[in-house]
1. Taking all protein chains as present, what is the carbon and sulfur share of the accessible area of the protein assembly as shown, in % to the nearest whole number, probe 1.4 Å?
2. If the elastic network links every pair of Cα atoms under 10 Å, which of C:GLN97, C:GLN26, C:GLN75 fluctuates the most in the Gaussian network model of chain C?
3. Which semi-axes, in whole Å and largest first, does the equivalent ellipsoid of chain A have when worked out from the alpha carbon gyration tensor as the square roots of 5 times its eigenvalues?
4. Which lysines does B:LYS123 reach when only Cα atoms under 24 Å apart count, and residues fewer than 8 places away in its own chain are ignored?
5. Can you tell me how much longer the chain between C:ASP112 and C:ASN64 gets when fully stretched, taken as 0.36 nm per residue apart minus their C-alpha distance, in nm with one decimal?
6. So which residues in the stretch B:21-45 end up with at least 20 square angstrom less accessible surface once the other protein chains are there, compared with the chain by itself, probe 1.4 angstrom?
7. Name the residue from C:LEU196, B:ALA21, C:PHE33 whose Cα lies farthest towards the positive end of the charge dipole of the protein assembly as shown, charges +1 on Cβ of Lys and Arg and -1 on Cβ of Asp and Glu.
8. Going down the list A:LYS43/A:LYS110; A:LYS26/B:LYS137; B:LYS137/C:LYS81; A:LYS26/A:LYS117; A:LYS121/C:LYS215; C:LYS129/C:LYS158, which pairs span over 26 Å between their C-alpha atoms?
Amino acid sequence: MEVARIPILQIENYLVASIQTALHDKAAIQFRDDLLERIYATKARGLILDLTAVDVVDSFLARLTGDIAEMAGLMGTTVVITGLQPEVAITLVELGVELRGVTTALNLEKGIAALRKMVEKESSNGTTG
Amino acid sequence: MAPLAEERCIPVKTDLDIVSARVEGRNMAKELGFGTIDQARIATAISELARNVILYAPEGKVTVRAIVSDDGGRGIEVICEDNGPGIANIELVMQDGYSTSSGLGMGLPGTKRLMDEFEIETKLGVGTRVAVRRWLK
Amino acid sequence: MAKKTDLDQYKEFVKERLKSLLDVVQSVSSGDFSVRVEPPEAEDEFTALSIELERMIDDLIEANSVSEERMAKLQEVIEEKERLFKTVRELSSPVIQVWENVLVMPLVGAIDSARAMRITEDLLTGITKNQAEIVIIDITGVPVVDTSVANHLIRTIKAAALLGAKCVVVGISSEVAQSLISLGVDLSGVVTRSNLQAGIRYAMEMMGLEVVPKKREK
């Protein structure tokens, strides 16, 4: 079954993907695979996942996000999540789900600023060329 | 507790149904006057419950209905039933941090925290039924 | 046909008069004051009773209207109190921007579950509106910080973190600190400072800012 793919854009040396529609499980998994493929192909230093249009983040999506961060991290890519809505944030905390290994920022602008800072720091530390 | 005429039933068999169920649930919550945060809680609870059906049972269904309490308060009730194997140890699955060997939990303690009322019935070899309610405050 | 004796006639008369009085009493006791006692055509043994009954009904009607007036006044007072409470609630978790991207949220008064939820919502709204990256939560004015309040606070901080804002809690007195430790509350992830000033200094550090004296003109 053809699953509509989520567009992944490139800004400077970072990848940006914005989730616009409700993702069912198969689409989410497809998305994760696409992302990891693009990271590998572009050797992007950072990835921004924008969740502004996401109105529900359940334990499955939270776990998937954690997986993306972990796998991207193995490839030397920092992941920043932006645009989490207040009602989603409150629900996630009540649900008891932690977004492990992920930096969060309010919006795309702050996300890119945070990425830059982190990537700069890594370079000055002499890690992953 | 008297149910109002409003009731929607969504069959759950594939991952697409999880999204349908929570969209229906969120819409009904909105119609009943629940705020955005409660809508998110209800939709997330439905997502967790419906996913359990996909993970552990051949199929099931989610019923969302408007309810009225004895003292006139209004709320929403979500019932998720499946014909799965049933839960052997309810206490265990209701513990935070419990997960099966494949690393998947059932999200039930979290779901309970999101809602005002939580009831679960299960029978081995027959299936499981979870009922959750949230009231307008 | 037997002629009615005087006694029979008298019995009937009594029955009739009693019945009409009884009807009135029954109406009044069920709240209907519209039925009144019919004045007797001629004075009889029941006249005195009728007059007193009328008087009693008049008193009841008056007492009723006084009671209704009082109820209406009470309702007004209740509504006024509600308005007052609403104002207090709104004032009770203000979010103040003290610097670009830095918010202060001073909390005063007891915090129950309902208020905790409002605080969380107000804070997240404030973070979104002000694009805040640091929030200083001042709990100096919160009298009781028990497990419940602490847990609400921790949840608020976690939610703020998901929106990219770091929180620092200030104003924890030594008594509160001791009771939290003895209650076994895990505050390990929470950044704290002694007071608002220290909190602001922390915020400035985090933002990479420094406050230096102006260079004096020679």
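1. 55
2. Largest GNM mean-square fluctuation: C:GLN26.
3. 23, 18, 13
4. B:LYS13, B:LYS61, B:LYS112
5. Extra length available between C:ASP112 and C:ASN64 comes to 13.2 nm.
6. Buried by 20 Å² or more upon assembly, which counts only protein chains, are B:ARG22, B:ARG26, B:THR36, B:ILE37, B:ALA40, B:ARG41, B:THR44.
7. Positive-end residue among those listed: C:LEU196.
8. A:LYS26/B:LYS137; A:LYS26/A:LYS117; A:LYS121/C:LYS215
The values are calculated or read from the model by the stated rules, or taken from the named source; none is laboratory data. This is a predicted model, so every value here is computed, not measured. Glycine also receives a Cβ, built like all others from the backbone with ideal geometry; neighbour counts cover every protein chain displayed. Heavy atoms of the whole protein, side chains included, go into the accessibility calculation; ligands, DNA and RNA do not. Shrake-Rupley method; radii C 1.70, N 1.55, O 1.52, S 1.80 Å.
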